[in-house]
Amino acid sequence: MLNQTEIAKLSKGDELDHFLLLRKIEIKTARNGSDYLNLELGDRSASYSSNIWDNFSSISNNFKVGDVVKIKGSIDEYQGTPQIKISTIKPVEKAENINIGEFMPKSQRDLQVMKNEFSDRLEAVKNTFLKSLMKLIFIDENFEKFSNSPAGKSWHHAYVHGLIEHTLEIMKICDLMCDIHPEINRDLLICGAMMHDFGKTEELSVEESFNYTEKGKLLGHIVISAMKINEQSKNISNFPTDLKNNLLHIVLSHQGKLEFASPVVPKTIEAITLYQADELSAKVNAYKNALATGIKGENKWTRFISLAGTDLHQHNFTSEDDELNKSLFD
């Protein structure tokens, strides 16, 4: 077990004497034409960039992504973004018995609870064709991979078990919308929610760090999810073509806009519901994590976050009494 302060809790000027996971190593060219080595190093709490400007050939030749290294240095900043200033970088000896799993961020939710929630909701699907399809897809090894995958590389739910957590959030939002709008086909929407990001089990690698696989780069998770639906529906006798096409449409349109990589825009009430539920789950999680890692000391504002298009504010309101956060509809 690592006995070191999480780097997200360190501030500018704090000394660093840590085991860290090397998540990226790349030679880049500066504006003046000189090369430098860019590293991304992190633990389960955060990942920070580090630049080495001189005499870096031994590092670039002897280290690779996925290595655990021993870093001595300090926390620095560049344009408000934390960076690591390296004094020394050394390989980890086998005798130090470092487990790479300790460096991978994980969901704070209990995995078995999430698995049970997902399985219970699948059992509640009433449409026999959709239920059979979901059981063919979320079977054994597939379900284990789905349960252990992140939902993103860095922006939202970017941690082990993040995909099942994100999917459950969307399913709950969609289920609520079906209560409000009975015109929505609940089974179709819930199964679309289950499948919308299934392709990320093949798009992202979680072996050493969250990186895109070759298949993920070539096809993308939306297409992979759609291919899985099309492939497995052929194993169910008389699966209705219109039902399959509507399920495919929900998955293919779930990112909402053509410029966001959806091949089509949402054209059914189920599709628009899933798109908005996906946006809500992803952005709340991303903002929450940005606030957790980006607020230091008495400051109430994060740095400008390009993916959000703004800096974020942390208020001091608390809900110490559970009654304060109780739903108005309970």
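Residue-by-condition table, conditions (1) modelled with pLDDT under 80; (2) among the charged types (D, E, K, R); (3) under 22 Å from the mean Cα position of the chain (by Cα):
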residue: 278; (1), (2), (3): no, yes, yes
residue: 295; (1), (2), (3): yes, no, yes
residue: 306; (1), (2), (3): yes, no, yes
residue: 320; (1), (2), (3): yes, yes, no
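Suppose we filter region 20-37 for residues that are among the polar types (S, T, N, Q) and not in a strand (DSSP E or B); how many remain?
Looking only at region 20-37, we keep the residues that are among the polar types (S, T, N, Q), and these are 29, 32, 34.
Those left that are additionally not in a strand (DSSP E or B): 32, 34.
Matching residues across region 20-37 total 2.
Being assigned by TED's automatic domain parsing to the domain that holds residue 196 and either modelled with pLDDT under 95 or closer than 30 Å to residue 83 by Cα (or both) is the requirement here; does residue 270 meet it? Write out each step before concluding.
Details: assigned by TED's automatic domain parsing to the domain that holds residue 196: yes; either modelled with pLDDT under 95 or closer than 30 Å to residue 83 by Cα (or both): no.
For residue 270, the condition - assigned by TED's automatic domain parsing to the domain that holds residue 196 and either modelled with pLDDT under 95 or closer than 30 Å to residue 83 by Cα (or both) - is not met.
Looking at (1) outside any strand (DSSP E or B); (2) out of contact with any Cys (no Cβ under 8 Å at 6 or more places or on another chain), which is the one condition that is false for residue 125?
(2)
From the residues in region 277-299 that are touching a residue at least 60 places away in the same chain (Cβ under 8 Å) and not hydrophobic (A, V, I, L, M, F, W, C), which one is farthest from residue 189 (Cα to Cα)? Working first, answer last.
Step one: filter region 277-299 for residues touching a residue at least 60 places away in the same chain (Cβ under 8 Å), giving 277-278, 280-283, 285-286, 289, 292-293, 296-297.
From what's left, not hydrophobic (A, V, I, L, M, F, W, C): 278, 281, 283, 285, 289, 293, 296-297.
Working: 278: 12, 281: 16, 283: 20, 285: 22, 289: 28, 293: 34, 296: 41, 297: 43 Å.
My answer is 297.
Go through region 43-71 residue by residue and tally those that are in a loop (DSSP other than H, G, I, E, B), surrounded by fewer than 18 Cβ atoms within 10 Å (Cβ to Cβ) and in contact with a Phe, Trp or Tyr (Cβ under 6 Å, 6 or more places away or on another chain).
Matching residues across region 43-71 total 1.
Determine if region 233-246 includes at least one residue that is touching a Lys or Arg at 6+ places or on another chain (Cβ under 7 Å) and either assigned by TED's automatic domain parsing to the domain that holds residue 160 or in a helix (DSSP H, G or I) (or both).
There is at least one residue in region 233-246 that is touching a Lys or Arg at 6+ places or on another chain (Cβ under 7 Å) and either assigned by TED's automatic domain parsing to the domain that holds residue 160 or in a helix (DSSP H, G or I) (or both).
Mind checking which residues of region 128-159 are not aliphatic (A, V, I, L, M) and not in a helix (DSSP H, G or I)?
138, 149, 150, 152, 153, 154, 155, 156, 157, 159
The values are calculated or read from the model by the stated rules, or taken from the named source; none is laboratory data. What you see is a predicted model, and the numbers here were worked out from it, not measured in a lab. Quick reminder, even Gly has a Cβ in these numbers, built from the backbone with ideal geometry, and neighbours come from all protein chains shown.
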